[in-house]
Amino acid sequence: MSSTRTTGGIRDYDWWMMAIVFAICTTGVVEIWSATHASGLAGMHWRQVSWIGMGLVGMFLVSRLDYHAVLDKAPILYLIGLVALVAVLAAGHSRFGAKRWIPIFGEFFQVSELVKLIIIIVVARFFADVRSERLSLIDLFKAGALVAVPLGLILLQPDLGTALVLVPVAVAGAFLAGLQWKHAAALLLACAMMVPVAWHSLKPYQKDRVTTFLRPEDDPKGSGYQILQSKIAVGSGGFWGKGLGNGSQNQLGFVPVRYSDFIVAALAEELGFAGVFVVLVLYTALLLRLIQNAQRAKDRAGMFLVMGVAAILGFHVLVNVAMVIGFMPVTGIPLPLMSYGGSATLFIFLALGLVMNVRLRRFVN
């Protein structure tokens with residue numbers, strides 16, 4: 001006699017994954033405290049703790065929904081995302097020359113973070129509906145168009161870093177849906193041909209970021225300052241680091257946005273190579289848990305959802321760490337779960353809620 005199971009209970013959550021997430025968040029809160037406690041930014045770590053708490057609540061709520069019902073609402077969610085991006089361009093809050101935020105209850109939320117979650121859902125729904133083993137060129141163009149519209153609106157803010165984050169979701173989905181190598185080669189060739197056009201569309205400061213990371217010493221007090229100070233902090237930490245609160249580059253404020261985009265530089269100076277290695281092991285373990293949950297999903301839709309989350313998280317970690325050590329241009333992409341930021345933290349926890357959602361329904365008939 002066959003038996004059926006309903007949606008999983010508390011014990012069916014991925015508690016190993018949650019332990020990894022908790023370890024990363026704790027490291028981030030401690031480093032945010034260390035980077036800001038002796039400055040006018042003191043107390044930021046408590047705000048990060050509050051964002052983590054709200055994120056956990058959001059994760060639990062999302063996990064209790066049926067992800068199939070969420071996927072059914074993908075077209076509506078997509079339209080909401082586009083309207084929100086247009087609203088930001090029309091009447092959003094501006095900081096540092098960019099218009100990316102809207103005020104809600106006294107806080108400023110970055111709409112593009114919500115759009116990243118929506119794109120994961122939309123792409124998963126699209127590729128799950130493709131029933132052939134090989135992805136056709138038409139389907140590939142449709143998926144590209146779905147991502148290109150919000151990507152273009154985010155570029156207008158301008159926010160190159162967040163716009164680029166949408167790309168791996170589509171790439172991962174296409175690969176898993178049966179991307180043909182000839183189509184992949186053609187797309188790479190098309191992208192290469194578009195590089196000159198993309199270059200001319202960049203803002204002057206964005207061009208400086210791209211060129212400066214190759215030779216930051218040419219402008220040490222200007223466009224090369226961030227990368228140089230970050231590399232000095234990383235190098236001065238050595239293997240074991242100088243200890244929490246003892247990093248000169250960090251404590252004296254030489255490392256730019258040391259509590260957010262360059263938190264790895266602050267971590268490397270104070271906890272050394274050993275501390276960074278442990279953090280990277282934690283991220284690797286988190287990605288492996290995500291992939292394992294994707295493999296155990298009961299259907300293609302669930303698998304695409306989880307792998308979309310894994311693609312974005314992996315891209316964030318890769319680009320942020322490479323940026324800090326000067327291997328990639330400064331793009332403003334934060335380190336997930338560690339960098340200070342309410343919108344980004346909430347996005348990650350809501351995305352993890354989707355992962356838990358898929359996991360809890362893997363036995364539902």
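Figures for the structure shown
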quantity	calculated
Percent accessible area from carbon and sulfur atoms, the chain, protein chains only, probe 1.4 Å	70
DSSP-loop chymotrypsin sites (Phe, Trp or Tyr not before Pro) across the range 283-365, with at most 12 other Cβ within 10 angstrom	PHE327
Global geometry of the range 1-110, whether rounded, prolate or oblate, following the gyration tensor of its Cα atoms and the 1.5 cut on a/c	oblate
Distance (nanometres) between label positions extended 7 Å along Cα→Cβ at LEU89 and LEU318	2.8
Cα gyration tensor category, rounded, prolate or oblate, for the range 48-144 with a/c compared to 1.5	oblate
Relative contact order, percent, the chain [alpha-carbon distance under 8 Å, six or more residues apart]	29
Cβ-Cβ FRET estimate between THR284 and VAL197, R0 fixed at 30 Å, reported to 0.05	0.25
Where TRP101, TRP199, TRP181 fall by accessible area, highest first, once all protein chains stay in place (1.4 Å)	TRP181, TRP199, TRP101
Mean accessible surface per residue for the chain, computed with a 1.4 Å probe while every protein chain stays in place, in Å²	48
Helix axis angle, 342-360 relative to the chain longest principal axis, alpha carbon, degrees	30
Dipole-positive endmost among GLY222, PHE239, MET303 within the chain (Cβ charges, Cα centre)	MET303
Only Lys, Arg (+1) and Asp, Glu (-1) charged, at Cβ; the chain dipole about Cα centre in debye	640
Formal net charge of residues neighbouring ASN246 (Cβ-Cβ distance under 12 Å; K, R +1; D, E -1)	-1
For the range 81-239, Kirkwood radius (reciprocal of mean inverse C-alpha pair distance, Å)	18.2
Inter-part distance where the range 145-173 and the range 292-331 are each reduced to a Cα centre, Å	14
Added length on full extension, which subtracts the Cα-Cα distance from 0.36 nm per residue, VAL149 to LEU82	23.3 nm
Euclidean distance between Cα centres, the range 117-138 to the range 336-365, Å	20
Label-point separation in nm, MET54 to ARG11, each point 7 Å along Cα→Cβ	3.5
Computed FRET value (nearest 0.05) for ALA19 with SER39, which takes r as the C-beta separation and R₀ as 45 Å	0.90
Nearest 10 degrees, 0 to 90: helix 300-324 Cα axis against the chain principal axis	10
Accessible area, probe 1.4 Å, largest first, for residues ILE10, ILE154	ILE10, ILE154
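The values are calculated or read from the model by the stated rules, or taken from the named source; none is laboratory data. Given the structure is predicted, the values throughout are model-derived calculations rather than measurements. Here Cβ is always computed from backbone atoms with ideal geometry, including for glycine, and neighbour counts include all displayed protein chains. SASA here: full protein model, heavy atoms, side chains in, ligands and nucleic acids out. Shrake-Rupley method; radii C 1.70, N 1.55, O 1.52, S 1.80 Å.
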